[in-house]
Amino acid sequence: MTTSFETARDLVLDEQAQNLLFREARSANAFTETPVTDEQIAAIFDLVKWAPTSMNIQPLRVKVLRSEEAKARLLPHMSDGNRDKTAAAPAVALLAADIDFHDELPKVFPHFPGARDLFADDEGSRAETAELNAGLQIGYAIIGIRAAGLAAGPMTGFDADAVTKEFFPDGRHRVMVAINIGEPAENAWMGRLPRLEYDEVVETL
């Protein structure tokens, strides 16, 4: 089954938005020098914060690196293939899971007063829950970046332990993904890679 105009019409979102967020969007490898503004970052967060996480835990924590000094701390920990494009990106977001997300549950899940205590004594389970839900939020963040008219270049090719220690030294966070953000430069994209078809992925019982 291939995407067609007919399948696009089955969606409420208009086709231009579908293409912006999914069909024509790709991971960018080159960016212009146009800065990514505080207003753009705030607009992205204000959109994606509404997407769901289990028990509304919202464990994602983000540090946005724009200065040369901040990026110089990051670059030694990037893989060779990611270093140059990260250095050239106007902004790099480090997306981390907060292992102590449960401390916010009285605020974000107030109708269940005992929610925090469910996680308090089991850090292993808490870490797994944090990483699973931060992973969901990372996906939302990529879509949010595209919704802002910017390109995203998500990467896992880096020393996650070293980056975590450098930028989250409290030991209570785990960096999962770095995303280069900016306006795409000419020839920013690789060729579109194949996707599995509907019948290869979906089974209705």
Q: From M155, M190, M176, grab the single residue that is within 21 Å of G81 (Cα to Cα), surrounded by fewer than 16 Cβ atoms within 10 Å (Cβ to Cβ) and in contact with a Ser or Thr (Cβ under 9 Å, 6 or more places away or on another chain).
A: M190
Q: Look at the range 85-105 and say how many of its residues are open to solvent by less than 20 Å² (accessible area, probe 1.4 Å) and part of a helix (DSSP H, G or I).
A: 4
**Q.** Residue check for N82: more than 21 Å from G149 (Cβ to Cβ), outside any strand (DSSP E or B), open to solvent by less than 80 Å² (accessible area, probe 1.4 Å) and touching a residue at least 60 places away in the same chain (Cβ under 8 Å)
**A.** yes
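Out of A42, A70, which single residue is surrounded by 13 or more Cβ atoms within 10 Å (Cβ to Cβ) and either touching a Phe, Trp or Tyr at 6+ places or on another chain (Cβ under 7 Å) or part of a helix (DSSP H, G or I) (or both)?
On the way: A42 fails: surrounded by 13 or more Cβ atoms within 10 Å (Cβ to Cβ).
Just a single option satisfies the conditions, and that option is A70.
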Q) Quick one: would you say G149 is at pLDDT below 95 and either open to solvent by 30 Å² or more (accessible area, probe 1.4 Å) or part of a loop (DSSP other than H, G, I, E, B) (or both)? A) no
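Condition check ((1) within 20 Å of the chain's Cα centre (by Cα); (2) charged (D, E, K, R)) across all residues:
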residue	(1), (2)
D14	no, yes
N29	yes, no
E39	yes, yes
A51	yes, no
M55	yes, no
Q58	yes, no
L94	yes, no
(Q) For the range 45-54, give me each residue that is open to solvent by 60 Å² or more (accessible area, probe 1.4 Å) and either closer than 22 Å to E128 by Cα or touching a residue at least 24 places away in the same chain (Cβ under 8 Å) (or both). (A) F45, L47, K49, W50, P52
Q.
Given the condition within 18 Å of G182 (Cα to Cα) and among the aliphatic types (A, V, I, L, M), answer yes or no: does some residue in the range 29-38 qualify?
A. yes
Q) Going by the conditions given, is L105 under 23 Å from P52 (Cβ atoms) and over 17 Å from the mean Cα position of the chain (by Cα)? A) yes
Q | Which numbered condition N29 fails, given (1) in contact with a helix residue (DSSP H, G or I) (Cβ under 8 Å, 6 or more places away or on another chain); (2) of a type outside the set (D, E); (3) in a helix (DSSP H, G or I); (4) buried (at least 16 other Cβ atoms within 10 Å of the Cβ) | A | (3)
Q: Please enumerate the residues belonging to the range 106-125 that are assigned to a helix (DSSP H, G or I) and either in contact with a Pro (Cβ under 9 Å, 6 or more places away or on another chain) or among the polar types (S, T, N, Q) (or both).
A: P106, A115, R116, S125
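The values are calculated or read from the model by the stated rules, or taken from the named source; none is laboratory data. From a predicted model like this one, the values you see are computed outputs, not experimental measurements. Here the Cβ is made from the backbone with ideal geometry for all residues, glycine too, and neighbour counts use every protein chain on show. Accessible surface is based on the protein model in full, side chains and every heavy atom, while ligands, DNA and RNA are left aside. Shrake-Rupley method; radii C 1.70, N 1.55, O 1.52, S 1.80 Å.
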